[in-house]
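Here is the structure we will look at.
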Amino acid sequence: MVAFPLVTVAFAIETVDLTKDYSVGFWRKRPRRALDRLSLQVERGEVFGFLGPNGAGKTTTLKLLLQLVFPTAGRAQLLGCPLGDPAAKRRLGYLPEQPYFYDYLSAEELMDYFGGLFGLGLSERRRRTNALLDEVGIGAERRLQLRKFSKGMLQRVGIAQALLNEPELVILDEPMSGLDPLGRRDVRGLILRLRDRGCTVFFSSHVLSDAETLCSKVAILAKGCLVASGRLSDMLALQVRGWELVVADTPDALVAALGTRATRVVRIGEGRFSLELPLGAPPERMVAELAAAGAKLVSLTPLHETLEDFFVQRVGEGT
Amino acid sequence: MLSRLNGGTRKTSGGRDLRSTSVSSVVVLLSLTVLFAAAIGLQVVRDTRYPLPATTEESLYLTRQAANRIAFSFRPLGADLYWIRAIQYYGSRKREIDAASLAGAKTAAPSPGSRPALNYDLLYPLLDITTTLDPRFNIAYRFGSIFLAEPYPAGPGRPDLAIALLEKGAQAMPGKWEYMEDIGFVYYWNLHNYPMAAAYFNRGADLPGAPWWLRSLAATTLAKGGQRSASRLLWGQMLESAADERAREAAGRRLQQLDALDQIEQLQRLVDAVAARTGTVPTTWPPLIKAGALRGTPVDPRGAPYELSASGQVKLSPQSPLFPLPVEPTPYGPTS
Amino acid sequence: MTSLGWIAVNGFRESVRDKVLYNLVAFAILLMGASLVLGQLTAGQDLKIIKDLGLSAMSIFGLFIAVFIGIGLVFKEVERRSIYNLLSKPIRRHEVVVGKYAGLVLTLTVNIVIMTVALYAVLAYVAWGENEFARQARETPALDPALLKAIALLLVQLMVVTAIALFFSTFSTPILSAALTFGVYVAGYFSADLRNIDQVVDSRLTQTLARGLYYTLPNLAPFDVASQAVHGLPITAGYMAVTIAYAIVYIAILLVAGSAVFSRREFK
């Protein structure tokens, strides 16, 4: 029996026409397609963003890759091994969405347990547990029972346990959800460090900005179908369509003088305005002008279409 | 179930089952078949080669009430609870009846027509349930029959039920010669049926492990049934072979009652002699003491003073632990 | 240690941390209370009653542990979705089933061993204060080693019950699993009636059906030799061996079937 003759080991993840139907309804079961012929290739060493609004089929895909559910049709490989092969799991790290761990264990005991499942020796388990818990920033609470952990702390433990086996591929399901801004920054830093070590990171998110700051490539999923994939910069629809400028201590007259150079003006408070600028006018000049007139710059943000806008648009086009 | 769960498995174009983790259904079904065959084989071997000694009668078991079935593995414990209840019931009833008699209530033996308000009606059902739940409850048969045969007010005075209980025990444990001995005692002491008593003593003596004296007990019963000497022999034997404190106490009490009967006869002769000499029937002890016939107030073997009735009859005090004295068995003869 | 061992030890740790072993306190209080009260209530039967009580309490406490923890073993992992993470580790699903089972068996064994020690301690205490007559009236010695046979078979029976509970919990909800497990437990006690049904019923079909059920349902009654042990009746080594072998085979049936179901299950 020859398995996957066309696939080379170059891919960390490869799916071919991966399809999943769930049956719904209590009396008369009928299939509902959760994932429709997904073909995807994730190269080794990439940070790959798997994007889509809630309910697009992201989690279904991850569950298929981890054999928590079984495909209706199609096939997939992880690190060159067929799905469910323990050899692949040995080299894989996984963070589930909203992770729950055994709340009667302490963070340290949890790491020890999973380290044992990876077949690590005692000294190796100790070393990695200490290093990883320190790295995700809960070194001080390592002996605390997990039932006393906040959502964000659990997320950090979840990331630490996903890295126990020094994996070649890490699959993270919504790693940013439930985290405060500080936590998001930490996780971003961690993902980039993993990339630098040569680890492939495959993460799902419904927030585009996560992907922008991290990913070399993305795939976008809507209603179970792949709608776009490739480099983020290649996706015209996702490019910046303008800027949002927030200024303070600005006289009303000055704003009125801007005229049509701002597409939209919103007065937030006394002397405080939010200005939307079109893509064509470079924001740098406007910032300089306003500053010269005594206004203070609060923030400058690029404006995107949201993922949802993007999907609505793509689905509306009938693709 | 399995087929439905299996429905999701598809062969892919590459001909490979994607559920590579799960063992194939054929292997599972095959191993289940082999294991079931082994289980059945072991059951057959156990049932045929290694029978377990039965603790319940099969016929009884099948006709038992539904309530008993629910008890399944907790039957012995249920028996214990009923045994405790039976003892509690007997003890508390006896105390109530004693208290009532002290308070002056009429505590005559129940005549067939009128039943006393305070009775032992629940004693037999309690003992019956105890021994049904645990048919090997040795003590329940032996003590239970003693309680049942005891005449009112010390017991319900039902030797027939005592015999029924012991017969039930003999059915559950046919090797127990003690039950035959106990039935013999009930026939001897409570029913004064000496041929039956002797027959049961002999049946007990026939069983393996029975003591040698059971045979001589049967002979004595046939020869001298009802005589006090035979009774003394019976209870003396009982005292010696007593398995526990309660049985020993019961036997000791019987022997003391026999002593009391002897003493009452002696005292009566003394009273009658004084009456004949002085011409007046004494109704209290002091005149007899003054006359030098007695050194002090005579007491029974338990220390309770004997009483004298208005007609000069010596009697056991109703307050005595030995009260009531057994009805003196009629000597064995054609009258019984 | 193998993955299976890790899962088992973690399961044991879970029941200890969830304070399952607290039932031992109740058991100890029950026995000690009984030994104090019984001497005043009964006529020389204290030891028999303490034996009956001890064995029955072991059986019922063990049954509750086996059923109520057994039905939750797999369900809790699925319900709280910790199974997602567990299955991403390099283990196979049947290792989860067998490992969880081994963990609960470990809990039960520790539980029963401690109860046994407590029972013998109370028996020794009561026998020490026993009078001469009661000593002679007993059918069996106070610290009868035959009790150990009854306790061993009880533990083996509880292992079968645990396997039943675990099997049901691989595909159904805890309440349904508990009901089914208790149902099989009761049926398992009465399966001897099924074998003898041909003496009561004439219908050939009913007879065959009853016989089939007798051989396929787990037969739990043979494991209950408490009353034989208390009355000092013989329990042969052959009987023990065949009964334990039967238990091993039946546990294997349940674990194979449970693993097969669990391996095919989807976690949506």
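The values are calculated or read from the model by the stated rules, or taken from the named source; none is laboratory data. The model shown is predicted, which means the values in this text are computed figures rather than measured ones. Note: ideal-geometry Cβ built from the backbone for every residue, glycine included; neighbour counts use all protein chains shown. Ligands, DNA and RNA are stripped out before the accessible areas are found, and what is left, the full protein with its side chains, is counted by its heavy atoms. Shrake-Rupley method; radii C 1.70, N 1.55, O 1.52, S 1.80 Å.
The residue list B:Gln43, B:Leu127, B:Gln257 was ranked by how far each Cα lies along the charge dipole of the protein assembly as shown toward its positive end, using unit charges on Cβ atoms, and B:Gln43 comes out on top. Taken as Cα centroids, the stretch C:226-248 and the stretch A:267-281 sit 88 Å apart, rounded to the nearest whole angstrom. Taking square-rooted eigenvalues a ≥ b ≥ c of the alpha carbon gyration tensor, is chain C rounded, prolate or oblate, where a/c under 1.5 means rounded and, failing that, a/b exceeding b/c means prolate? Oblate, since a/c reaches 1.5 and b/c is not below a/b. Over the protein assembly as shown, DSSP H runs of length four or greater, each weighted -39,500 (n - 2.57), average out per residue to a 222 nm ellipticity of -17500 deg cm²/dmol. Taking a point 7 Å from the Cα of B:Ala293 along the Cα-to-Cβ direction, the residues of the stretch B:259-275 with backbone N closer than 18 Å to it are B:262-275.
Among A:Ser209, B:Ser311, C:Ser259, the order of accessible area from largest down is B:Ser311, A:Ser209, C:Ser259, computed with a 1.4 Å probe on protein heavy atoms.
Electrostatic bookkeeping for B:Pro76 treats Lys and Arg as +1 and Asp and Glu as -1; over the other residues with beta carbon under 12 Å from its beta carbon, the sum is 0.
If you place +1 on the Cβ of every Lys and Arg and -1 on the Cβ of every Asp and Glu, how big does the dipole about the Cα centre of chain C come out, in debye to the nearest 20? The dipole magnitude comes to about 1080 debye.
The calculated FRET efficiency for C:Tyr22 paired with A:Ala140, based on their beta-carbon distance and R0 = 41 Å, is about 0.85. The residues of the protein assembly as shown expose, per residue, 45 Å² of accessible area to a 1.4 Å probe. Projecting the Cα atoms of C:Ala124, C:Phe182, C:Ile235 onto the charge dipole of the stretch C:3-263 (Cβ charges, centred on the Cα centre) puts C:Phe182 farthest toward the positive pole.
Across peptide A:103-114, how many C-beta atoms of other chains are within 10 Å of each residue C-beta, on average?
The mean count of partner-chain Cβ atoms within 10 Å per residue comes to 3.
Counting only lysines at least 8 places from C:Lys149 when in the same chain, those with an alpha carbon closer than 27 Å to its own are B:Lys176, C:Lys48, C:Lys51, C:Lys100. Since only A:Ser216, A:Ala76, A:Gly280 are under comparison, the one whose Cα sits farthest along the positive direction of the charge dipole of chain A, derived from C-beta charges on Lys, Arg, Asp and Glu, is A:Ala76. Rounded to the nearest 0.05, what FRET efficiency is calculated for B:Asp262 and B:Ala100 with R0 set to 30 Å and r the Cβ-Cβ distance? For R0 = 30 Å, the calculated efficiency reads 0.50. The length gained by stretching the chain between B:Gln313 and B:Glu245 to full extension, at 0.36 nm per residue less their Cα-Cα distance, is 21.0 nm. Shown in residue order for the stretch B:304-310 are the 3J(HN,Hα) couplings computed by the Karplus curve 6.51 cos²θ - 1.76 cosθ + 1.60 at θ = phi - 60°: 7, x, 6, 10, 10, 7, 4 Hz (x for Gly and Pro). Under the membrane-span-like helix rule (DSSP H runs whose alpha carbons stretch at least 15 Å along the helix axis, mean Kyte-Doolittle hydropathy 0.0 or higher), chain A yields A:107-117, A:151-162.
Protection proxy ranking, highest mean first, for peptides B:200-208, A:72-80, C:113-121: A:72-80, B:200-208, C:113-121, where packing is the per-residue count of other beta-carbon atoms within 10 Å, averaged. Tell me, what is the FRET efficiency for C:Val186 and A:Gln98 to the nearest 0.05, using R0 = 41 angstrom and their Cβ-Cβ distance as r? After rounding to 0.05, the efficiency reads 0.50. Computed with a 1.4 angstrom probe on protein heavy atoms, the B-C interface buries about 5200 square angstrom of accessible area in total. Apolar share of the accessible surface for the protein assembly as shown: 60 percent from carbon plus sulfur atoms, 1.4 Å probe. What is the diffusion coefficient of the stretch A:240-303 in µm²/s, taking the Kirkwood radius over Cα pairs and the Stokes-Einstein relation at 20 °C with a viscosity of 1.002 mPa s? Answer, rounded: 187 µm²/s. For B:Met173, the solvent-accessible surface computed with a 1.4 Å probe is close to 10 Å², ligands and nucleic acids excluded.
Here the stretch A:119-196 and the stretch B:306-321 have alpha carbon centers that stand 97 Å from each other.
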